[in-house]
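The values are calculated or read from the model by the stated rules, or taken from the named source; none is laboratory data. Everything quoted here is computed from the prediction, not taken from an experiment. FYI the Cβ positions are ideal-geometry reconstructions off the backbone, even for glycines, and counts take in every protein chain you see. Quick note on the areas: whole protein, heavy atoms, side chains included, nothing else; ligands and nucleic acids left out. Shrake-Rupley method; radii C 1.70, N 1.55, O 1.52, S 1.80 Å.
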Amino acid sequence: MHHEEQAQPSDLMRTWERLIQPDQVPGPVLDVACGDGRNGIHAARLGLSVICCDRSRTALRKAKLASRGQDVRIRLWWTDLEKAHRRPLPEKAFGAVLIFRYLHRPLIPEVHRAIRPGGCIVYETFTVEQTTFGPPCNPDHLLKPGELGEWFRDWQVLHRFEGRLTDPDRAMAQIVARKPAA
């Protein structure tokens, strides 16, 4: 994969970047399971304070290098959010949380608590229909029909999608939602 391709944020991130602006987001942005950091780096290019989180030191190194290549600053947080018996995310700490291609169901209540009132979630990951197209195939990593929307049903949903995307073919669910201010 070419460096330019790696640096491109997801289509969902580009489409909803108007929501992820410094005057719209009440605090730093957390990019969960950031991988190469492309979505967090995009948020940083918009002028936001960004924390890229991953359990892979290699991924975090790639994100740091990519951010330097785009002349933006990100903070790195090396942690395993799936460790049992602890609260992995600080309460009301983030103005937005970005989650792409990652699912750990026990983390969802933590995400709810971690986002400040008026903050938002931008979430996209695979559904159970993904097995038609290829990996991932582990049901623990695939959303059930309507599951993502149900998690954020009490929020102001700005965008919701569940179905097939192309180039490459994949089965995804997406949500962009704002946490109630009060």
Filtered residues of segment 23-53 (kept if open to solvent by 20 Å² or more (accessible area, probe 1.4 Å) and in a strand (DSSP E or B)): Ile51
Inter-residue pairs, beta-carbon under 7 Å, first open to solvent by less than 70 Å² (accessible area, probe 1.4 Å) and assigned to a loop (DSSP other than H, G, I, E, B) and in segment 63-91, second of a type outside the set (A, V, I, L, M) and at pLDDT below 90, 6+ apart: Thr79/Pro88; Leu81/Pro88
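For every residue, the table says whether it meets (1) of a type outside the set (D, E, K, R); (2) farther than 27 Å from Ser49 by Cβ.
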position	(1), (2)
Leu65	yes, no
Leu76	yes, no
Lys92	no, no
Cys120	yes, no
Pro145	yes, yes
Asp169	no, yes
All positions within segment 95-145 that are touching a Lys or Arg at 6+ places or on another chain (Cβ under 9 Å) and either of a type in the set (S, T, N, Q) or at positive phi (or both): Gly118, Thr125, Thr127, Gln130, Thr132, Gly134
Qualifying residue in segment 116-128 (condition: open to solvent by 70 Å² or more (accessible area, probe 1.4 Å) and assigned to a helix (DSSP H, G or I)): no
Options Asp154, Asp140: the member that is acidic (Asp, Glu) and not in a helix (DSSP H, G or I): Asp154
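Every residue in segment 147-182 that is among the charged types (D, E, K, R) and closer than 14 Å to Val128 by Cβ, please.
Going through segment 147-182, the residues among the charged types (D, E, K, R) turn out to be 147, 150, 153-154, 160, 162, 164, 167, 169-170, 178-179.
Matches in segment 147-182: Glu147, Glu162, Arg164, Arg170.
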Condition met for Ile20 (open to solvent by less than 60 Å² (accessible area, probe 1.4 Å) and in a helix (DSSP H, G or I)): no
